[in-house]
Amino acid sequence: MKNFDVQVLGAGIVGRSLALALARAGLSVALRPEAARAPDTPDVRAYALNAASVALLQGLKVWDALPAQAATPVLDMHVQGDAHASAIDFSAWQQQVGALAWITDAAVLERELATAVRFAPHITVLEPGEPATAALTALCEGKASATRESLGIAFERVDYGHKAIAARLQSTRAHQGIARQWFRAPDVLALLPFDTPQPQQSFALVWSLPDAQAAELLALDAAAFEQRLMQATAGEAGELKLVSERAAWPLMRAHASAWCGPGWVLLGDAAHVVHPLAGQGLNLGLADVAALVRVIREREAWRPLGDEKLLRRYARERTAPTWAMGQVTDGLLRLFADDTPALRELRNRGLTLVDKLSPLKRWLTARALNS
């Protein structure tokens, strides 16, 4: 049986990023992918990556390998409440950063990470059922982690009764690097600037709605769905056309009751899940990777990789920011899901007030860029 320093369970973006980062730190890594499944439809997911995530991927020599059209910078962000005059705008130029985020094709990013893993000398990709031992096992299997369950770790979850609908769109109007988001009772709609399939005139859609409304939209044909999109966006992003299949998944908030123990540690969705309205889910997972690798690099020479006290350093560093992001997204969702007139007036006035407070906007931008 082969022995490794670290065994990584799960070969998604977080798992492969962790394997690459650990290998670059000089450790031997076994990567155990999940059971392969044939996808029902092409992957239409897109991620909004912040500056910290991009820096991590650059350090792994993956970011610069992405095709130009697979990563689109967000130069401005327009967030609108359920009153037309209620809005907040963020600008990369005003915040003195190159971009507020980068919208990245999930499938292309996964492909480039897989290529990097294939050529990494210190990583062994295990075959299904191939035995291996390691001083540390990192669980990156996602929110349905079977290994976490086998360890008896509670996964405290709140199901929102909502689904996120994702698709790729093409517009008659150039996106100009502007991300648009509408917060209304009871849905949240985001149009993220994208350069595939048509540079400057494509968007990635993420539309979160109650289950019944999501089912209704998914049942519509393309023309009827496009008409509903135009009604929801009031044509502010141009005339929108579907250029992909639609995908949907249930939304929840969840948090593992323990993040580490003797010889094991949780990262990414295996440890925490937040609502996608802030676009921070993958950023939190990649921040987990950066924190764990730094803790391992800085450990005492005599301390073994699976030492629980060592792993608690990582858990202490990451528990607070992921909990806080979960609270923020949960609070925003519940604030905008309530359609009572008094609360609607309060939240719309709040958006307008924040838009006028430049120091607060700078603070919010900094938190989003470096979560």
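Restricting the first residue to the stretch 102-114 and requiring it to be within 9 Å of residue 70 (Cα to Cα), which pairs with a second residue that is of a type in the set (Lys, Arg) meet a Cβ separation below 8 Å and a spacing of at least six or different chains?
As it stands, the answer is 106/45, since those pairs meet every condition given.
What pairs can you find where one residue is in the stretch 49-76 and free of Cβ contacts under 8 Å to residues at least 12 places away in the same chain, the other is among the aliphatic types (A, V, I, L, M) and crowded, with 17+ Cβ neighbours inside 10 Å, and their Cβ atoms are less than 7 Å apart, with a gap of 6+ or different chains?
What qualifies is 63/54; 63/57.
With the condition kept exactly as written, say whether any residue in the stretch 272-286 is more than 30 Å from residue 170 (Cα to Cα) and either among the polar types (S, T, N, Q) or in contact (Cβ under 8 Å) with a residue 24 or more places away in the chain (or both). Steps first, please.
Going through the stretch 272-286, the residues more than 30 Å from residue 170 (Cα to Cα) turn out to be 272.
Subset that is either among the polar types (S, T, N, Q) or in contact (Cβ under 8 Å) with a residue 24 or more places away in the chain (or both): 272.
Yes - at least one qualifying residue is present in the stretch 272-286.
Exactly one of these conditions fails for residue 250: (1) within 30 Å of residue 153 (Cα to Cα); (2) surrounded by 15 or more Cβ atoms within 10 Å (Cβ to Cβ). Give me its number.
So residue 250 meets the others, but not (2).
Select, from 70, 107, the only residue that is over 30 Å from residue 298 (Cβ atoms), out of contact with any strand residue (DSSP E or B) (no Cβ under 6 Å at 6 or more places or on another chain) and among the hydrophobic types (A, V, I, L, M, F, W, C). Explain how you work it out, then say what you get.
Details: 70 fails: out of contact with any strand residue (DSSP E or B) (no Cβ under 6 Å at 6 or more places or on another chain).
Of the residues listed, the single one that is over 30 Å from residue 298 (Cβ atoms), out of contact with any strand residue (DSSP E or B) (no Cβ under 6 Å at 6 or more places or on another chain) and among the hydrophobic types (A, V, I, L, M, F, W, C) is 107.
Quick one: which residue in 157, 184 is among the basic types (Lys, Arg) and under 25 Å from residue 90 (Cβ atoms)? Break it down into steps so the answer makes sense when it comes.
Numbers: 157 fails: under 25 Å from residue 90 (Cβ atoms).
Sole residue among the options that is among the basic types (Lys, Arg) and under 25 Å from residue 90 (Cβ atoms): 184.
Out of all the residues in the stretch 253-267, is one or more surrounded by fewer than 24 Cβ atoms within 10 Å (Cβ to Cβ), charged (D, E, K, R) and in contact with a His (Cβ under 9 Å, 6 or more places away or on another chain)?
yes
Looking at residue 99, is it assigned to a loop (DSSP other than H, G, I, E, B), in contact (Cβ under 8 Å) with a residue 12 or more places away in the chain and touching a Leu at 6+ places or on another chain (Cβ under 8 Å)? Steps first, answer last, please.
Working: assigned to a loop (DSSP other than H, G, I, E, B): yes; in contact (Cβ under 8 Å) with a residue 12 or more places away in the chain: yes; touching a Leu at 6+ places or on another chain (Cβ under 8 Å): yes.
Yes, satisfied.
Using the structure shown, decide if residue 300 is at pLDDT 90 or above, at negative phi and acidic (Asp, Glu).
Numbers: at pLDDT 90 or above: yes; at negative phi: yes; acidic (Asp, Glu): yes.
For residue 300, the condition - at pLDDT 90 or above, at negative phi and acidic (Asp, Glu) - is met.
Hey, which of the strands (runs of 3 or more DSSP E) in the stretch 196-290, taking only ones fully inside, have at least 3 residues that are of a type outside the set (A, V, I, L, M, F, W, C)?
202-210, 247-256
Would you mind stating whether residue 92 is buried (at least 17 other Cβ atoms within 10 Å of the Cβ), within 21 Å of residue 168 (Cα to Cα) and at pLDDT below 95? Can you show your working first?
On the way: buried (at least 17 other Cβ atoms within 10 Å of the Cβ): yes; within 21 Å of residue 168 (Cα to Cα): no; at pLDDT below 95: yes.
No; evaluated as a whole, the condition is false for this residue.
Just to check your reading of the model, which residue among 215, 167, 222 is under 23 Å from the mean Cα position of the chain (by Cα) and either modelled with pLDDT of 95 or more or polar (S, T, N, Q) (or both)? Spell out the reasoning first.
Details: 215 fails: under 23 Å from the mean Cα position of the chain (by Cα); 222 fails: under 23 Å from the mean Cα position of the chain (by Cα).
Exactly one of 215, 167, 222 is under 23 Å from the mean Cα position of the chain (by Cα) and either modelled with pLDDT of 95 or more or polar (S, T, N, Q) (or both), namely 167.
Among the residues that make up the stretch 66-88, is at least one of them in a helix (DSSP H, G or I), hydrophobic (A, V, I, L, M, F, W, C) and farther than 27 Å from residue 24 by Cβ? Reasoning before the result, please.
Restricting attention to the stretch 66-88, the residues satisfying the condition of being in a helix (DSSP H, G or I) are 68-70.
When the remaining residues are screened for being hydrophobic (A, V, I, L, M, F, W, C), the result is 68, 70.
Next, from what is left, pick out any that are farther than 27 Å from residue 24 by Cβ: none.
Within the stretch 66-88, none of the residues are in a helix (DSSP H, G or I), hydrophobic (A, V, I, L, M, F, W, C) and farther than 27 Å from residue 24 by Cβ.
Does the stretch 117-127 include one or more residues that are surrounded by fewer than 15 Cβ atoms within 10 Å (Cβ to Cβ), at pLDDT below 95 and either under 15 Å from residue 6 (Cα atoms) or touching a helix residue (DSSP H, G or I) at 6+ places or on another chain (Cβ under 7 Å) (or both)?
The answer is yes, given that some residue of the stretch 117-127 is surrounded by fewer than 15 Cβ atoms within 10 Å (Cβ to Cβ), at pLDDT below 95 and either under 15 Å from residue 6 (Cα atoms) or touching a helix residue (DSSP H, G or I) at 6+ places or on another chain (Cβ under 7 Å) (or both).
Can you say whether residue 206 is among the aliphatic types (A, V, I, L, M), under 25 Å from residue 177 (Cβ atoms), in contact with a Lys or Arg (Cβ under 7 Å, 6 or more places away or on another chain) and surrounded by 15 or more Cβ atoms within 10 Å (Cβ to Cβ), as far as the supplied structure shows? Spell out the reasoning first.
Numbers: among the aliphatic types (A, V, I, L, M): yes; under 25 Å from residue 177 (Cβ atoms): yes; in contact with a Lys or Arg (Cβ under 7 Å, 6 or more places away or on another chain): no; surrounded by 15 or more Cβ atoms within 10 Å (Cβ to Cβ): yes.
Here the answer is no, as residue 206 does not meet what is asked.
Being in a loop (DSSP other than H, G, I, E, B) and either surrounded by 12 or more Cβ atoms within 10 Å (Cβ to Cβ) or free of Cβ contacts under 8 Å to residues at least 60 places away in the same chain (or both) is true for just one of 161, 152. Which residue is that?
152
Just one of 28, 53 is within 26 Å of residue 97 (Cβ to Cβ) and either modelled with pLDDT of 95 or more or touching an Asp or Glu at 6+ places or on another chain (Cβ under 7 Å) (or both); which is it?
Numbers: 28 fails: within 26 Å of residue 97 (Cβ to Cβ).
Only one candidate passes the filter, namely 53.
Mind checking which residues of the stretch 1-22 are surrounded by 22 or more Cβ atoms within 10 Å (Cβ to Cβ), under 18 Å from residue 298 (Cβ atoms) and either among the polar types (S, T, N, Q) or more than 20 Å from the chain's Cα centre (by Cα) (or both)?
Those that are surrounded by 22 or more Cβ atoms within 10 Å (Cβ to Cβ), under 18 Å from residue 298 (Cβ atoms) and either among the polar types (S, T, N, Q) or more than 20 Å from the chain's Cα centre (by Cα) (or both): 6, 22.
Out of curiosity, is residue 124 under 21 Å from residue 196 (Cα atoms) and among the β-branched types (Val, Ile, Thr)? Lay out the reasoning, then the answer.
Working: under 21 Å from residue 196 (Cα atoms): no; among the β-branched types (Val, Ile, Thr): yes.
Against the criterion (under 21 Å from residue 196 (Cα atoms) and among the β-branched types (Val, Ile, Thr)), residue 124 does not qualify.
Of all residues in the stretch 128-145, count the ones that are surrounded by fewer than 11 Cβ atoms within 10 Å (Cβ to Cβ) and either in contact with a Lys or Arg (Cβ under 8 Å, 6 or more places away or on another chain) or on the phi < 0 side of the Ramachandran plot (or both). Talk me through it step by step, then tell me what you get.
Step one: list which residues in the stretch 128-145 are surrounded by fewer than 11 Cβ atoms within 10 Å (Cβ to Cβ), which gives 128-129, 131.
Still in the running and either in contact with a Lys or Arg (Cβ under 8 Å, 6 or more places away or on another chain) or on the phi < 0 side of the Ramachandran plot (or both): 128, 131.
Counting residues in the stretch 128-145 that are surrounded by fewer than 11 Cβ atoms within 10 Å (Cβ to Cβ) and either in contact with a Lys or Arg (Cβ under 8 Å, 6 or more places away or on another chain) or on the phi < 0 side of the Ramachandran plot (or both) gives 2.
The values are calculated or read from the model by the stated rules, or taken from the named source; none is laboratory data. All of these numbers come straight from a predicted model, not from anything done at the bench. We place every Cβ from the backbone using ideal geometry, glycine too, and count neighbours over all the protein chains shown.
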